[in-house]
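Visitor: One structure coming up, written as structure tokens, with questions to follow.
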Amino acid sequence: MTTRKEFSIPFSGLKLGTYTFEYKIKNKFFESFDFHEFNKAAINVVVVLNKLSTVLELDMSAKGTVNVACDLTNEPFDQDLTAALQLVVKFGEEYNDEDDEILVIPHGEHQIDIAQYIYEMLVLSVPPKRIHPGVLDGTLKSEALKKLEELRPKETIKNKDKTDPRWDALKNLLTDK
């Protein structure tokens, strides 16, 4: 089970250098943020922490799939997902996360919680319009697609050339300058 506590990286005991953290993200992670748009998730996240004397550099990358419903047919399918995020952690007087790429934490902190950053990186990497690959290549057979095809407006050649006479008068305004 994935808990959000797993995503706290204690950096105070680490020497200067590069460290790699790997996480397997399942649907429980998204449920902990009360996000229920994914049916299933199988994502590998790799976080490379570069500890320098004054800052921490985090390079996060993710690759995997999420099972989502198609926006047209509501058929579930696996959406491939790749994401990357760079984050610089600086030390300051008080906590400040106003910048997307720079996080300021107080001097006394000894760990950083990256769960929110991983969540945002993954959710924002899913396309806003999710269309089943079978819809795009025409191989998906579904009742919803059949109904959409039935209800599609039919264009006839005779209606295509016919125009509304009320608009014809307005078209003359463009040429009568």
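Visitor: So which residues in region 70-111 are hydrophobic (A, V, I, L, M, F, W, C), closer than 30 Å to residue 40 by Cβ, assigned to a strand (DSSP E or B) and modelled with pLDDT under 90, if there are any at all? Let's see the steps before the verdict.
Guide: Of the residues in region 70-111, the ones hydrophobic (A, V, I, L, M, F, W, C) are 70, 72, 77, 81, 83-85, 87-89, 91, 102-105.
Remaining after also requiring closer than 30 Å to residue 40 by Cβ: 70, 72, 77, 81, 83-85, 87.
With the extra rule that they be assigned to a strand (DSSP E or B), the set shrinks to 77, 81, 83-85, 87.
Once the filter is applied, which keeps residues that are hydrophobic (A, V, I, L, M, F, W, C), closer than 30 Å to residue 40 by Cβ, assigned to a strand (DSSP E or B) and modelled with pLDDT under 90, region 70-111 yields only 77.
Visitor: Also: Give the residue that is farthest from residue 109 (Cα to Cα), with candidates limited to residues of region 11-23 that are exposed (fewer than 13 other Cβ atoms within 10 Å of the Cβ) and modelled with pLDDT of 90 or more.
Guide: 22
Visitor: Could you identify the single residue in 40, 26, 90 that is among the basic types (Lys, Arg) and over 27 Å from residue 130 (Cβ atoms)?
Guide: Exactly one residue qualifies, and that residue is 90.
Per-residue answers, yes or no, for (1) within 30 Å of residue 143 (Cβ to Cβ); (2) touching a helix residue (DSSP H, G or I) at 6+ places or on another chain (Cβ under 9 Å); (3) not basic (Lys, Arg):
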position: 51; (1), (2), (3): no, no, no
position: 59; (1), (2), (3): no, no, yes
position: 66; (1), (2), (3): yes, yes, yes
position: 74; (1), (2), (3): yes, yes, yes
position: 98; (1), (2), (3): no, no, yes
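Visitor: Suppose we filter 112, 102, 131, 118 for residues that are of a type outside the set (Phe, Trp, Tyr), in contact with a helix residue (DSSP H, G or I) (Cβ under 7 Å, 6 or more places away or on another chain) and more than 14 Å from residue 37 (Cα to Cα); which single one remains?
Guide: Values: 112 fails: in contact with a helix residue (DSSP H, G or I) (Cβ under 7 Å, 6 or more places away or on another chain); 102 fails: in contact with a helix residue (DSSP H, G or I) (Cβ under 7 Å, 6 or more places away or on another chain); 131 fails: in contact with a helix residue (DSSP H, G or I) (Cβ under 7 Å, 6 or more places away or on another chain).
Criteria check complete, one pass: 118.
Visitor: Kindly indicate the residue of region 93-108 that is surrounded by 12 or more Cβ atoms within 10 Å (Cβ to Cβ) and touching a residue at least 12 places away in the same chain (Cβ under 8 Å) and also farthest from the chain's Cα centre (by Cα) among those meeting that condition.
Guide: Restricting to residues being surrounded by 12 or more Cβ atoms within 10 Å (Cβ to Cβ) and touching a residue at least 12 places away in the same chain (Cβ under 8 Å), the top hit is 105.
Visitor: Also, I was wondering about something else. Tell me, please, whether a residue that is of a type in the set (Ser, Thr, Tyr), closer than 26 Å to residue 22 by Cα, surrounded by 15 or more Cβ atoms within 10 Å (Cβ to Cβ) and under 11 Å from the mean Cα position of the chain (by Cα) can be found in region 118-138.
Guide: yes
The values are calculated or read from the model by the stated rules, or taken from the named source; none is laboratory data. Bear in mind the structure is a predicted one, so any value in this text is a computation, not a measurement. Methodologically, a virtual Cβ is constructed for each residue, glycine included, from the backbone with ideal geometry; neighbour enumeration extends over all protein chains shown.
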